[in-house]
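A.B. asks: Quick one: the structure is below, and I'll ask about it shortly.
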Amino acid sequence: MKYLVNGLIALLGVLGTGAVAGIGAILMAGFEMTGSCFEGACAYTAVFLVFPLLWIGLMAAFVAIWLLIRRKRKPRATAT
């Protein structure tokens, strides 16, 4: 059961960060934040540069947060 839940969380993380990266790349290209849009160059920049870099960054943040949440703390010894 634990492996199924972890697999679903990982799948949700990959799909969710990919969707957010895609929407972010589309918005950046739409507002011409990726450079000059001469002959559609901003779309190519968004697809081949912004989207992969944004996705990698978001996945790294997702994995870091996921590991921080799952981290098990060692029980402290109580003084008696």
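The values are calculated or read from the model by the stated rules, or taken from the named source; none is laboratory data. From a predicted model like this one, the values you see are computed outputs, not experimental measurements. Glycine also receives a Cβ, built like all others from the backbone with ideal geometry; neighbour counts cover every protein chain displayed. Protein only, heavy atoms only, side chains kept; ligands, DNA and RNA dropped before computing areas. Shrake-Rupley method; radii C 1.70, N 1.55, O 1.52, S 1.80 Å.
A.B. asks: Checking residue 51 against (1) surrounded by fewer than 13 Cβ atoms within 10 Å (Cβ to Cβ); (2) part of a helix (DSSP H, G or I): exactly one of these is not met. Which one?
C.D. replies: Going through the list (1) surrounded by fewer than 13 Cβ atoms within 10 Å (Cβ to Cβ); (2) part of a helix (DSSP H, G or I), residue 51 breaks only (1).
A.B. asks: May I ask you to say which residue of 59, 33 is surrounded by 10 or more Cβ atoms within 10 Å (Cβ to Cβ) and either modelled with pLDDT under 90 or in contact with a Pro (Cβ under 9 Å, 6 or more places away or on another chain) (or both)?
C.D. replies: Exactly one residue qualifies, and that residue is 33.
A.B. asks: On the given criteria, is residue 39 touching a Cys at 6+ places or on another chain (Cβ under 8 Å) and open to solvent by 100 Å² or more (accessible area, probe 1.4 Å)?
C.D. replies: No, not satisfied.
A.B. asks: Any residue in the range 68-79 that is open to solvent by 100 Å² or more (accessible area, probe 1.4 Å), β-branched (Val, Ile, Thr) and in a loop (DSSP other than H, G, I, E, B)?
C.D. replies: Yes, that holds for at least one residue.
A.B. asks: When you check residue 11 against the structure, is it in a helix (DSSP H, G or I) and surrounded by 13 or more Cβ atoms within 10 Å (Cβ to Cβ), yes or no?
C.D. replies: Here the answer is no, as residue 11 does not meet what is asked.
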